[in-house]
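Derivation of every value follows stated rules applied to the coordinates shown; laboratory data play no part. Source: prediction; values computed, not measured. Glycine gets a Cβ as well: all are built from the backbone with ideal geometry, and neighbour counts include every protein chain shown.
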Amino acid sequence: MQQNKTQKKFWSGSGGEMWVKDQAVFDRRLQSLGNAALQKIEFKTGMDIVDIGCGSGTTTLDILAVVGEKGSVTGVDISQPLLQLAAKRVEISGLTSARFLNQDVQTKPLDASSFDAAFSRFGVMFFEDPTKAFVNINQALRSGGQLAFVCFQSPERNLWASLGQRVFEKHLGIKMYEDKRAPGPFAFQEKSYISAILEAAGFVDIAIEGVEKTVDWYSGISISQAVDNLLRANPIISEKLTAAVVSSRDLIRAKLETSYAEYTSGGNIRFPAAVWIVSAISSSKQDGL
Ligand SMILES: C[S@@+](CC[C@H](N)C(=O)[O-])C[C@H]1O[C@@H](n2cnc3c(N)ncnc32)[C@H](O)[C@@H]1O
């Protein structure tokens, strides 16, 4: 499970710290995309929900407000700094029926038949063995339990990624996103791959809907800070950049800043994004084991 260890290191280290620092920027960016997935779940007060890869707890809080104090939300994540922030935010909210687990969803099963629904906002694309992770999610759901999540389509359809990709390939010699299914933001870019995983994990009534939207990718920060955010978002890029000569670092920055300026409007840097909104129902059949 080398990949899962790499992910844990990233999300508990530099990646998690960056998400804590820029929590408001990430939330503004992901809110409307996450809401499209939240709408796929028929929430009722009193339901028990699991938020997979809950990060800083924004969607955990949103769901808590809907299921009420008679229901519950369990946020599961592998990032200590993000879980700490999530717990702090829930405490400030005064809502009491949330709990957080520092747990790898793929390698440690959740309590069986404990939830009415599982939700994730961009938290399910980082598993080395996604079928195993979704088998675990399925067994944690009660019979007929609902699943909904949002994940990215290909980097080519997500300019925020392909724009940087072109610059890094040309000036750092990094081939990014070569393996379409490698754990990372684009692991679920293929619709047929998502269906196959969910079917093998025992889900039925699988629906995958494409949504395209232009979103405020960076808001409330300058172009230079936005480029900083991009350069810190990927450990391979930050490592290569540190090793690169100053002139290439400056050139990369300048190229990115020029491209970002083209997409700036009203103080926000807006990029088109393409995502899959996935929903399914839990059944007891699990071929993936
Ligand atoms: C892109 S972030 C999304 C965070 C949050 N859902 C949000 O929308 O703000 C992905 C999250 O998935 C978590 N994650 C990655 N691999 C995981 C695993 N195997 N088990 C549980 N959480 C995981 C990361 O720590 C990170 O918080």
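Points worth noting:
- Cα convex hull of region 174-289, projected area averaged across orientations, nm²: 9.6
- Take the Cα of Glu17, step 7 Å toward its Cβ, do the same at Gln80, and the gap between the two points is 1.3 nm.
- Distance between region 209-242 and region 2-64 - C-alpha centres, whole angstrom: 17
- A simple spin-label model places the labels of Gln39 and Asp179 3.6 nm from each other, with each point 7 Å out along Cα-to-Cβ.
- Between helix 2-12 and the chain: long-axis angle, C-alpha atoms, 0 to 90°, nearest 10: 80
- Calculated from the alpha-carbon coordinates, region 108-154 shows an Rg and a Dmax of 10.9, 33 Å respectively.
- Normalised by 2.2 N^0.38 Å, with N the number of residues, the alpha-carbon radius of gyration of the chain equals 1.00.
- Kirkwood Rh (inverse of mean 1/r, distinct Cα pairs), region 61-198, angstrom: 16.9
- Residues within the reach of a label modelled at Glu91 (point 7 angstrom out along Cα to beta-carbon, backbone nitrogen below 16 Å), restricted to region 62-82, are 80-82.
- Taking the chain and dividing mean pair separation by its residue count, relative contact order in percent (alpha carbons under 8 Å, at least six apart): 22
- Take every pair of alpha-carbon atoms less than 8 Å apart whose residues are at least six positions apart; their mean separation over the length of region 1-117 yields a relative contact order of 27 percent.
- Seen from Ser56, the other residues with C-beta closer than 14 Å to its C-beta sum to a net charge of -1, counting Lys and Arg as +1 and Asp and Glu as -1.
- Helix 159-172 axis versus longest C-alpha principal axis of the chain: approximately 50°, rounded to the nearest ten.
- In this calculation the C-beta distance from Arg99 to Ala243 is compared with R0 = 35 Å, giving a FRET efficiency of 0.25.
- Full extension of the chain segment joining Asp111 with Lys191 gains 25.9 nm, where the gain is 0.36 nm per residue of separation less the Cα-Cα distance.
- Grouping the Cα pair distances of region 21-92 into 5 Å bins from zero gives a pair-distance distribution of 3, 16, 26, 27, 18, 8, 1 percent in increasing distance order.
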